[in-house]
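Step one of this worksheet: look at the structure below.
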Amino acid sequence: MKTPFFLLAGFLTASALAQDIPYREYEPFERYEPIVSGDLMLSGTYQHWKDPANLDFRMAGNPDENWKLNWKFMDPPFNQTVHGGHFAVDRGERLFKQLDVYGTFASCLSDRSGSPRNLRAGYPRWRADLGRVAGLEEVIEHCGAKQGRVLQNGSYDNSAISIYLASIGNGQPINIDVTAGPMKASFERGRRLFHAKAGAFNFSCASCHTHNIGKRLRGNVITTIYGDVAHYPVYRTQYMLQSLQLRFAECNLDTRTQPLRPGSQPYTDLEVFVTALTNGYPISVPAERDW
Amino acid sequence: MRLLLAGLALLLATPVWCADIPSDAGVDGGKTMAPQIVVNSGRLEWAPHKRDLTRWLTLSYQDRRATPEPTRFDMKLPLAGDKARGKTLAWEWCIACHTLPGDEWPGNVGSPMVHYKQYKHADPLIFQQIFDARVFNPNTVMPAFGTFGLLAEQEIRDLVAYLQSIE
């Protein structure tokens, strides 16, 4: 007598999996111009953020007006005061050197090519050994585990190593190639995801970051996504040290969307997309963000 | 009969989230978890989030749930809304995007709601805008409060009553 119910339960699960692609909504993402009137009203610098060649910290003008740019111009080397990000760099350096006594950690991170200095500017990248496109933090976790060290993606120590590696590459322009192969595929998936609506409010990342730039959500001013990756991971008092993928999780939670785990395929694809939009921007860490 | 009941109980107890919630979501025990960073630790902790978000669509590729489609709702008159309750709700749900009277940090993603009464919009129209604005504008960023189950019918009536009362 019990069996039919098991069968029924099994059938319900199977039919749920066998459905075709369900109804989805996207922010328009073919050939659109971001709506930046809000930013033009506020600071008038959007066009410079879109083009790194025009990057100039003096644009912030009066330092008291920096908030209009959401701190982008307060990042080091412009913010010289010591904050928690500097302690994270120090810890990251110690951890890195502990793990790299025999040079194995660095060669694992770089996949046996190039100097640790160039790691930040060149990630995410295709990792043949992992069989996938991976972000720097995912690879730090992977290479730590090889030596029996737990460095979970998104954890403080993982991000500390990541921010240390970024710091030794300070000034280098972010440079990832998304024109071919798995990187291009990942970029395209990320672009689509960036415009995909989800969660209780049915927002996409683009709902805010391309269509309402410079506008106010109460106290918060929304900024463009261009250039963001160059100052990640960031120090924030409330989160201590935040990796880029944990920032995605925070934006998800803030908009009542169930977050995903760092290192998941969708977050990595989003990272590839926003990193490509940061191509050309110089690495500048450790950066500090409000609260 | 006992077996039949046991079978029924089993079927009902089969958690819906088993099939629905993707495995790469930050979920534990069927509930939304938020990442917690612990200083000087190699582990990322997860703690229960203040609200459970598992019933809505995620960005996971495994997520096979559909987005609720734009829905019309025929509001029956009379409105019978409570404008005081509506005000409380508006300060909770609408203030981030719309400016309301008395707000010092006005949001400006949506239009300002000060002097809203002057527009003399019909109640059912405002109701529909709050219930599901996609019916009027498929690309709107205003959440579909009714269709997505965020606000109950009576709460939307209260909001309409409040908006219609803003001198």
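The values are calculated or read from the model by the stated rules, or taken from the named source; none is laboratory data. Only a predicted model underlies this, so the values are computations on that prediction, with no experimental measurement involved. Please note: Cβ atoms are built from the backbone with ideal geometry, for glycine as well, and neighbour counts cover all protein chains shown. Accessible surface is based on the protein model in full, side chains and every heavy atom, while ligands, DNA and RNA are left aside. Shrake-Rupley method; radii C 1.70, N 1.55, O 1.52, S 1.80 Å.
Every listed requirement among (1) modelled with pLDDT under 95; (2) surrounded by 23 or more Cβ atoms within 10 Å (Cβ to Cβ) is met by residue A:203 save one, (2).
Give the number of residues within segment B:144-157 that are under 19 Å from residue A:27 (Cβ atoms) and free of Cβ contacts under 8 Å to residues at least 24 places away in the same chain. Of the residues in that region, 0 qualify. Scanning segment A:232-244 for residues that are within 10 Å of the chain's Cα centre (by Cα) and open to solvent by 10 Å² or more (accessible area, probe 1.4 Å) yields A:232, A:244.
In summary, residue B:99 fulfils each of the numbered conditions (1) touching a helix residue (DSSP H, G or I) at 6+ places or on another chain (Cβ under 9 Å); (2) β-branched (Val, Ile, Thr); (3) in a loop (DSSP other than H, G, I, E, B); (4) more than 8 Å from every other protein chain (Cβ to nearest Cβ) with the single exception of condition (1). So for segment B:132-152 (the condition being more than 10 Å from chain A (Cβ to nearest Cβ), among the aromatic types (Phe, Trp, Tyr) and not in a loop (DSSP other than H, G, I, E, B)), does at least one residue qualify? Taking every residue of segment B:132-152 in turn, none turns out to be more than 10 Å from chain A (Cβ to nearest Cβ), among the aromatic types (Phe, Trp, Tyr) and not in a loop (DSSP other than H, G, I, E, B).
Report the residue count in segment B:31-57 for those that are more than 7 Å from chain A (Cβ to nearest Cβ), open to solvent by 80 Å² or more (accessible area, probe 1.4 Å) and in a loop (DSSP other than H, G, I, E, B).
3
Within segment A:153-171, is even one residue within 13 Å of residue A:275 (Cβ to Cβ), part of a loop (DSSP other than H, G, I, E, B), away from chain B (no Cβ under 14 Å) and within 17 Å of the chain's Cα centre (by Cα)? No, segment A:153-171 contains no residue that is within 13 Å of residue A:275 (Cβ to Cβ), part of a loop (DSSP other than H, G, I, E, B), away from chain B (no Cβ under 14 Å) and within 17 Å of the chain's Cα centre (by Cα). Taking the conditions (1) within 14 Å of another protein chain (Cβ to nearest Cβ); (2) surrounded by fewer than 23 Cβ atoms within 10 Å (Cβ to Cβ); (3) at pLDDT below 80 in turn, residue A:214 satisfies each one other than (2). Looking only at segment A:251-279, residues that are touching a Pro at 6+ places or on another chain (Cβ under 8 Å), in a helix (DSSP H, G or I) and either within 7 Å of chain B (Cβ to nearest Cβ) or open to solvent by 10 Å² or more (accessible area, probe 1.4 Å) (or both) come to 2 in all.
Determine, yes or no, whether residue B:67 is part of a loop (DSSP other than H, G, I, E, B), without any contact (Cβ under 8 Å) to a residue 24 or more places away in the chain and not assigned by TED's automatic domain parsing to the domain that holds residue B:36. Spell out the reasoning first.
Working: part of a loop (DSSP other than H, G, I, E, B): yes; without any contact (Cβ under 8 Å) to a residue 24 or more places away in the chain: yes; not assigned by TED's automatic domain parsing to the domain that holds residue B:36: yes.
Considered against the rule, which asks whether it is part of a loop (DSSP other than H, G, I, E, B), without any contact (Cβ under 8 Å) to a residue 24 or more places away in the chain and not assigned by TED's automatic domain parsing to the domain that holds residue B:36, residue B:67 comes out as yes.
Screening A:149, A:120, A:112, A:94 for residues that are surrounded by fewer than 24 Cβ atoms within 10 Å (Cβ to Cβ), basic (Lys, Arg) and over 24 Å from residue B:45 (Cα atoms) leaves exactly one candidate, A:112.
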